[in-house]
Structures are given as C-alpha cells and as structure tokens.
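This report refers to the structure that appears directly beneath it.
The values are calculated or read from the model by the stated rules, or taken from the named source; none is laboratory data. Predicted, not measured: the structure shown is a model, and the values here were computed from it. Counting neighbours? That spans all protein chains shown, and the Cβs are built from the backbone with ideal geometry, glycine included. The area values use the complete protein model at the heavy-atom level, side chains included, leaving out ligands, DNA and RNA. Shrake-Rupley method; radii C 1.70, N 1.55, O 1.52, S 1.80 Å.
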Amino acid sequence: MVSDLGYTLYMTSNRTFNPRHTYAKTVGSFIGRLATPIFQSHGFVSASVLLDWPQIVGPEFARFCEVEKLTFPYKQRQNGRLTVRASSAMAVAITYQEPLILEKINSYFGYQAVSKLVILQGPLRHKPEVKLEKKETPVPAEVMAQITEQVANIEDEVLRQSLVNLGVGVYKKNAIKIPN
C-alpha cells in the first residue's frame with residue numbers, strides 16, 4: 001500500500017495486511033533491490049557497484065571516472081572486465097593505479113570478481129563537482145584586538161566567541177570587496 005504522496009512504502013511482515021505488524025520504509029531503501037535486475041541485464045553483478053562507486057575506489061577517482069559496464073566470461077561470475085569512462089587527463093592516472101583499483105574492487109566483492117580494467121577516454125555523463133579552495137585572508141592583530149575589545153564585557157563565552165567570529169567574517173568580507 002503506497003501513501004498518498006508516494007514517499008513512504010508500507011511493508012508487512014507477512015503476505016496479509018495486518019495493521020499491527022506494519023512499519024514505514026522510505027522508497028530510497030528499496031532502490032538497490034529494485035534496480036539490481038535491471039543492472040544485471042547490463043552486466044553488473046549488483047546495483048551496489050554503481051551506487052557505491054565513490055566508496056569503492058575513493059573520491060579522487062570517482063569524481064573523474066564512471067562505470068560503463070561489467071562483463072564476465074560465459075557462465076562465470078569471476079575474472080570479469082570492468083569498463084570505466086574517464087576524462088583524458090584522468091585516464092593516465094587510472095592506468096597507473098589499475099592494480100590498486102582492481103584490489104579495491106575485488107576486496108569490495110570479497111572475491112576475484114574483476115581481473116581487467118578497460119578505460120574509455122571521453123566526456124563524462126555527469127560533471128564532477130569542483131571545489132575551489134578559498135584563500136584565507138589574515139586578520140591584522142590591531143583589528144582582532146579591536147573586535148575582542150568590543151565584546152569583552154559579554155559574560156557568556158559562547159556568545160562572545162560567536163560575536164568575535166562574526167566580526168572577523170565582516171572584516172574579511174569588506175576587506176576583499178572590489179571597488180567599482
């Protein structure tokens with residue numbers, strides 16, 4: 001039975017509906033089980049390979065490569081070939097790190113599931129999130145002294161430190177302002 005909004009799926013402990021034994025589960029908890037048959041038709045052992053790709057290989061590789069397909073020899077589920085799409089710059093790094101990546105993948109499965117890594121160079125379907133590091137603007141000692149002097153009479157330590165942080169933030173915002 002699905003709720004009106006479709007956000008919650010009610011499951012029962014047996015085949016018949018019994019209100020005492022029902023509990024709510026989110027739809028997201030069923031994605032792996034529902035998607036596994038679809039992914040298996042495309043050569044994946046389970047949907048968890050795609051869903052857990054950043055945890056398997058780490059965020060440094062997952063940002064710049066994505067899984068295309070996993071193929072196995074006829075009637076076997078070991079020594080497969082994993083095809084990965086990567087940007088041209090990252091393909092070289094993946095090539096050098098292939099033994100480490102294969103070790104991570106096989107330790108995830110718990111057996112020798114993948115023995116060959118095939119790298120396709122090309123644009124990714126998703127754009128990687130690029131986080132720009134902000135340069136920290138140092139606060140001069142005289143400005144810091146002025147800020148702490150203004151909040152010195154506040155008794156609450158947490159409030160005083162929050163106001164100091166606010167003053168530092170206001171100073172940094174105004175310090176890097178570009179005039180028209």
Rounded to the nearest 10 Å², the accessible area of residue 92 at probe 1.4 Å
80
Rough spin-label spacing in nm, given labels placed 7 Å along Cα→Cβ, for residue 87 and residue 143:
3.4
How far apart, in nm, are the 7 Å Cα→Cβ label points at residue 26 and residue 161?
3.1
